[in-house]
């Protein structure tokens, strides 16, 4: 006994909605993806830096700065204890000019970001708590975010 039931029309509607959502998600703006990569990079780098991992996240440092970064990071590993880190602000730039990312301009092309951080640390030989504001300057290198480091505040 064969059953010749027609294909339910609500399945076709469901299939069309699923395909539409896939297309919309697949066409997410390049900037959104760029900002998502920046967010992921920041989390990975700052975790490696603050946890005093072996390389301190040096894989995210611009090539021209990497050797100097690693030499200074060796001092940071031995002297700095991180007690707290907080992101205070993120400023976006395109070709050196400020760029506002908001609902009115969600798709501006970002090629640089300055992340303002507040750190609470102790730096030996002192055991005094030191709080300072530090800016991380990130540049987009093709598809990868790279840090232009400034480690001086951690070594003073």
Query raised in the report: Picking from 76, 44, which residue would you name as being within 18 Å of residue 33 (Cα to Cα), in contact with a helix residue (DSSP H, G or I) (Cβ under 8 Å, 6 or more places away or on another chain) and part of a helix (DSSP H, G or I)?
Result: 44
Query raised in the report: Tally time: how many residues in segment 122-140 are closer than 17 Å to residue 78 by Cα, touching a helix residue (DSSP H, G or I) at 6+ places or on another chain (Cβ under 7 Å) and either modelled with pLDDT of 95 or more or part of a strand (DSSP E or B) (or both)?
Result: 1
Query raised in the report: With respect to residue 101, is the statement that it is surrounded by 12 or more Cβ atoms within 10 Å (Cβ to Cβ) and assigned to a loop (DSSP other than H, G, I, E, B) true?
Result: yes
Report task. Return yes or no: is residue 111 without any contact (Cβ under 8 Å) to a residue 40 or more places away in the chain and within 17 Å of the chain's Cα centre (by Cα)? Result -> yes
Query - Test: residue 65 is surrounded by 11 or more Cβ atoms within 10 Å (Cβ to Cβ), within 17 Å of residue 151 (Cα to Cα), modelled with pLDDT of 95 or more and touching a strand residue (DSSP E or B) at 6+ places or on another chain (Cβ under 8 Å) - result: yes
Query - Residue check, residue 70 at pLDDT 95 or above and surrounded by 13 or more Cβ atoms within 10 Å (Cβ to Cβ) - result: yes
Report task. Quickly run through segment 116-147 and pick out the residues that are closer than 20 Å to residue 55 by Cβ and surrounded by 14 or more Cβ atoms within 10 Å (Cβ to Cβ). Result -> 117, 119, 121, 134, 136, 137, 138, 139, 145, 146, 147
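The values are calculated or read from the model by the stated rules, or taken from the named source; none is laboratory data. Quick caveat, the model's predicted, so the values are computed rather than measured. As a convention, Cβ positions derive from the backbone with ideal geometry for all residues, glycine included, and neighbour counts pool all protein chains shown.
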